[in-house]
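Visitor: Got a structure for you, written out below as structure tokens; questions coming shortly.
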């Protein structure tokens, strides 16, 4: 009887741990090389508050283990601070995905936000609501949390990120009244509004289809059969050409290739003969920003 009770308690404890496990394993860093303030203790408090907000909150409905949390980083560079609550900053957002049966982590998101401005008073709670805009800091953090989880989910199931992109789009909608840049369509074609808009636009579905098949059918099988995986990529690369040419310079394209160009270069560099030439030519066509990198893979 005691053994049975003990086993039940262990199972309940394990289930509780799984149910409560959060989605992100985020490393947060605050840099301030241009700020002349002598007392920067507030930056340490801010860094801890942001880390807690991202890591101690559920961003999805999925039950995951601690080992399945998404590795990501947020590096915020303070450009100006009034010594009180007003911050002008930039942010670098990066996330990766583990590759099956290897120690390699594939880059999924790598982008910068030049308008990561916000107000924060030391000690104030970081509150967030999906229903309304409360403040710019938590809106920024929630937006990128949803985007990270969504892009990760896209690599594990077809269109798996749609729910999270929809949540991120709601953050954008709620922020339309904000007095901060980056949320409105008319401000720029390279801001938060347009990134999530791209992710939900059918014109970009081939990129999302590629992301799923590439990770599941190529990278996750590299440890088992490299030659077969490299051949598989030749079947998938044409998907990249299916993105409407009129949107090839859009933000999601830029974000996608910024994260993937180096990895794709190494993969196609391992192809042989005509396949390598075809792959390099295709990548150079769809991603001219990295053409020199792809061309260099001819010598690999």
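Visitor: Return the pairs, sorted by first residue and then second, in which the second residue is surrounded by fewer than 17 Cβ atoms within 10 Å (Cβ to Cβ), the first residue lies in region 37-61 and is under 12 Å from residue 126 (Cβ atoms), the beta carbons are less than 6 Å apart, and the residues are 6+ apart or on different chains.
Guide: 45/122
Visitor: May I pose another question? Looking at 190, 179, 203, 130, can you tell me which residue is in a helix (DSSP H, G or I) and either at pLDDT 95 or above or surrounded by fewer than 22 Cβ atoms within 10 Å (Cβ to Cβ) (or both)? Please lay out each step first, then the result.
Guide: Details: 190 fails: in a helix (DSSP H, G or I); 179 fails: in a helix (DSSP H, G or I); 130 fails: in a helix (DSSP H, G or I).
The conditions single out 203.
Visitor: Step by step: first the residues of region 146-176, then only those that are within 14 Å of residue 111 (Cβ to Cβ) and in contact with a strand residue (DSSP E or B) (Cβ under 9 Å, 6 or more places away or on another chain), then the one that is surrounded by the most Cβ atoms within 10 Å (Cβ to Cβ). Which residue is that?
Guide: Within region 146-176, the subset within 14 Å of residue 111 (Cβ to Cβ) is 147-148, 150-151, 168.
Retained after the next criterion (residues that are in contact with a strand residue (DSSP E or B) (Cβ under 9 Å, 6 or more places away or on another chain)): 147-148, 151.
On the way: 147: 25, 148: 28, 151: 25.
Per the criteria, the residue is 148.
Visitor: Could you tell me how many of the residues in region 41-95 are in a strand (DSSP E or B) and surrounded by 14 or more Cβ atoms within 10 Å (Cβ to Cβ)? Show your work before the answer.
Guide: Within region 41-95, the first condition is being in a strand (DSSP E or B), and the residues that meet it are 70-81, 86-95.
Restricting the remaining residues to those that are surrounded by 14 or more Cβ atoms within 10 Å (Cβ to Cβ) gives 70-79, 81, 87-95.
Qualifying residue count for the region: 20.
Every residue, every condition in (1) within 15 Å of residue 54 (Cβ to Cβ); (2) modelled with pLDDT of 95 or more, yes or no:
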| residue | (1), (2) |
| --- | --- |
| 125 | yes, no |
| 142 | yes, yes |
| 147 | yes, yes |
| 160 | no, yes |
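Visitor: A further question follows. Restrict the check to region 224-237 and report whether at least one residue is in contact with a strand residue (DSSP E or B) (Cβ under 8 Å, 6 or more places away or on another chain) and either closer than 15 Å to residue 107 by Cα or in a helix (DSSP H, G or I) (or both). Before the answer, list the steps.
Guide: As a first pass, look at region 224-237 and keep what is in contact with a strand residue (DSSP E or B) (Cβ under 8 Å, 6 or more places away or on another chain): none.
The answer is no; no qualifying residue exists.
The values are calculated or read from the model by the stated rules, or taken from the named source; none is laboratory data. Keep in mind that this is a model prediction, so the values were computed, not measured. So basically every Cβ, Gly included, is an ideal-geometry build from the backbone, and we count neighbours across all protein chains shown.
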